[in-house]
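Here the structure comes first, spelled out in structure tokens, and everything after it is commentary.
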Amino acid sequence: MPKTRDDSSKDTVASRISRALAERIIHGELVPGSRLAQDHIAEEFGASHVPVREAFRRLEAQGLVVSLPRRGVRVASFDLKQVREVAEMRAALEVLALRHAAPNLTPEVLAAAEQAAADADDAKDVRSWEEANRRFHRLIVSTCGMPRLLSVIDDLHAVSARFLFVAWRATWEARTDHDHRAILEALKSGDPAEAVRILERHVQWIGRAPMPVPGRAETEGFAIVG
């Protein structure tokens, strides 16, 4: 059945609410375990409870919140196992997308991806790095012609960003991502198989590579960037 104008309006409000709450969760403004009060959110956005409940459903589907009996809707927590699960999913799906995207990548898209890689290398803080890194990964698969796949990958990147912002406590230092450069070189030289191989290894490194964390034993840290 086609959506009525009223349905479309509610959907737009729900989208606006879910995007705003997702940004707060991803950037650590809403910490794991925080309760999302339906009444307060409806009042903040000037909305009824219907689009707020729909926003909650969307956030739950993204893995950003959980609905608990008698405890309401709360920001989801996460652990190393979940970080690795998302990394495995990203690796599988981004590899699939890149295989389909590679034949359709234009010089303009590759140039934009190269700029994103440079922006990531030059980032002065973790938020700037995450934005540029996400842009790089999105650009190299953007021509795959599979919108549903890209939508799922976007959701996984949002979850990865949340892991990063919640877990990152060290002072950010500029870094050169040699994998990004190698992926671009393989794509520009017409070797998509090599680009796919590097991408898969690159993303799977998340949650597995040791990363020293100030004040902790080295074995307690793990890579959260990729």
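Brief remarks on what is shown
- Qualifying trypsin sites (Lys or Arg not before Pro) in the range 28-90, where qualification requires a DSSP coil assignment and no more than 14 other C-beta atoms within 10 Å, comprise 70, 71.
- Mean Cα-pair separation over length for the range 28-180, i.e. relative contact order, pairs under 8 Å, 6 or more apart, %: 25 percent
- Relative to its residue count, the range 118-206 spans a Cα convex hull of 96 Å³ per residue.
- With both labels modelled 7 Å from their Cα along Cα-to-Cβ, the residue 118 to residue 99 distance reads 3.3 nm.
- Förster radius 22 Å - calculated FRET efficiency between residue 27 and residue 49, Cβ distance, rounded to 0.05: 0.30
- Electrostatic dipole magnitude of the range 75-123 [Cβ: Lys, Arg +1; Asp, Glu -1; Cα centre; debye, to 20]: 320 debye
- Rg/Rg_globular for the range 61-180, with Rg_globular taken as 2.2 N^0.38 Å and Rg from C-alpha atoms: 1.18
- Whole-percent carbon and sulfur share, accessible surface of the range 1-150, 1.4 Å: 52 percent
- Within the range 110-165, trypsin sites (Lys or Arg not before Pro) in DSSP loop having at most 12 other beta-carbon neighbours inside 10 Å: 124
- Net length gained if the chain between residue 201 and residue 88 were fully extended (0.36 nm per residue, minus Cα distance): 39.7 nm
- Distance (nanometres) between label positions extended 7 Å along Cα→Cβ at residue 15 and residue 70: 3.9 nm
The values are calculated or read from the model by the stated rules, or taken from the named source; none is laboratory data. Owing to the predicted nature of the structure, the values given are computational and were not obtained by experimental measurement. For neighbour counting, all protein chains shown are included, and Cβ atoms are generated from backbone atoms with ideal geometry for every residue, glycine included. Accessible surface areas use protein heavy atoms only, side chains included; no ligands, DNA or RNA. Shrake-Rupley method; radii C 1.70, N 1.55, O 1.52, S 1.80 Å.
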